[in-house]
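Notes follow the structure.
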Amino acid sequence: MPPIEKIPEAYTAIEDLRIEVFEDSAKVKSSNGEKEYLIKWKENVYYSNDNSTYWQGYTGYPVIAVLMVQGKLSLNRDISKYFKSVNWSELNKKNKRDYKKSVDDILLGTPENEKEKIFREIEKVFEEIKNLKITLSKKKDLS
């Protein structure tokens, strides 16, 4: 399972229009624009060259974002707007990869009732990821 904080990173990719979806693949640009990730799928098998998916073996934010765009995971635009224009690379580096601290920094000043709504939605998507029947592949050629 990915860290739950990867879900807000997926929201940012969607809100910032950094996803280009094709018939059986997608490209997702990183939050600082320095990298571009390739996501491919065939049925319920997904490949991605982002570090989390490829090396760590969990669903990274580029795959989560694609699954949201595909309608396989919930996408609540009222929640995703809170994560627009976040440079996660910079923020996570500043917070020494403490992803929870990064999310807390973003939501600083957000009213508590809004934060509760945001975290409930993130937890809902996290549960959907747990129950999603997909396989991650290290093979780029899924044929």
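The values are calculated or read from the model by the stated rules, or taken from the named source; none is laboratory data. Treat the numbers as computed from the prediction; the structure is a model and nothing was measured. A quick note on method: Cβ atoms are made from the backbone with ideal geometry, for glycine too, and the neighbour counts reach across all protein chains shown. Each accessible area value is taken on the protein alone, full model and side chains, heavy atoms only, with ligands, DNA and RNA left out. Shrake-Rupley method; radii C 1.70, N 1.55, O 1.52, S 1.80 Å.
Figures for the structure shown
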{"quantity": "So residue 118, is it open to solvent by less than 40 Å² (accessible area, probe 1.4 Å), farther than 30 Å from residue 42 by Cβ, in a helix (DSSP H, G or I) and modelled with pLDDT of 95 or more", "calculated": "yes"}
{"quantity": "Restricting the range 27-65 to residues that are among the aliphatic types (A, V, I, L, M) and in contact with a Ser or Thr (Cβ under 8 Å, 6 or more places away or on another chain), the residue that is farthest from residue 124 (Cα to Cα)", "calculated": "38"}
{"quantity": "Long-range neighbours under 8 Å by Cβ, at least six apart or interchain, first residue under 17 Å from residue 12 (Cα atoms) and in contact (Cβ under 8 Å) with a residue 40 or more places away in the chain within the range 95-120, second part of a helix (DSSP H, G or I) and among the aliphatic types (A, V, I, L, M)", "calculated": "102/91; 106/91"}
